[in-house]
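Written below as structure tokens is the structure these notes are about.
Every read-out reported here was derived from the displayed coordinates using simple, explicitly stated rules and does not represent laboratory data. Nothing here was measured: the structure is a model prediction, and the numbers come from that model. Neighbour counts are summed over all protein chains in view; Cβ atoms, including those assigned to glycine, are modelled from backbone coordinates with ideal geometry.
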């Protein structure tokens with residue numbers, strides 16, 4: 001098969017063989033655990049970090065700005081995945097086990113798909129960099145998970161090291177280069193949401209704007225009824241005229 005990166009460099013393949021070789025000498029339960037962590041576990045962990053960052057951002061003095069930064073994380077991941085579609089088609093690099101059947105592949109269903117860049121690596125690093133811009137501590141923890149994600153993709157034999165590095169670079173570029181444009185849209189949006197019923201999603205402890213049936217509507221209805229009812233302290237004029245007659 002003629003591909004743009006068919007002639008894989010020795011360091012790239014050598015590192016992949018070294019990492020994937022650990023799977024051959026590991027017990028089956030560890031191989032299964034690493035395969036699950038690399039496919040689903042790390043992404044679930046990053047989602048949990050995102051929720052934690054959101055709960056903390058809602059209590060920040062500049063909560064709308066912080067929440068806007070967190071909203072950029074999933075959007076940046078989506079943009080990275082869209083950008084990867086033409087890149088993957090242009091590079092046209094098959095999975096490493098296609099040209100190197102000696103590799104120990106621990107994940108099924110990857111046949112017929114392309115290797116460059118690693119989607120899992122791009123998603124993980126995109127979330128990590130976006131979190132780092134908002135919450136340094138959680139962002140660093142997410143960065144560790146992203147690096148672990150890259151290791152897992154090589155351990156299970158579905159990506160070259162350069163696939164992982166390419167995913168990291170793509171996501172980082174998308175997050176940092178497009179962040180000013182994204183924040184110019186998301187910050188005003190979050191500020192606007194603080195004046196709606198969705199306010200508790202942006203600022204902790206802030207009640208949303210009352211709707212037509214809320215407290216404001218009830219107060220207006222009570223005021224309308226009280227203005228329409230006669231004052232019980234004033235005498236009825238009609239009976240007074242009758243007595244005068």
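Data table
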item: Spin-label pair residue 204/residue 137, simplified geometry with 7 Å Cα→Cβ offset, distance in nm; result: 1.2
item: Inter-label distance, nm, simple model (7 Å from Cα along the C-beta direction), residue 15/residue 191; result: 4.4
item: Footprinting exposure proxy for 65, 175 (fewest neighbouring C-beta atoms within 10 Å first); result: 65, 175
item: Contour minus Cα-Cα distance for residue 108 and residue 92 (0.36 nm per residue); result: 3.7 nm
item: Order of 87, 181 under a 10 Å beta carbon neighbour criterion, fewest first; result: 181, 87
item: Gyration tensor verdict on region 10-201 (Cα atoms; rounded if a/c is under 1.5, prolate if a/b is larger than b/c, oblate otherwise); result: prolate
item: Extension gain, residue 100 back to residue 60 (0.36 nm per residue minus Cα-Cα distance, nm); result: 9.3 nm
item: Exposure proxy order (Cβ contacts within 10 Å, fewest to most) of 183, 125, 154; result: 183, 154, 125
item: Additional length obtainable on full extension of the chain from residue 169 to residue 52, 0.36 nm per residue less Cα span; result: 39.6 nm
item: FRET E, pair residue 36, residue 81, Förster distance 22 Å, beta-carbon r, rounded to 0.05; result: 0.55
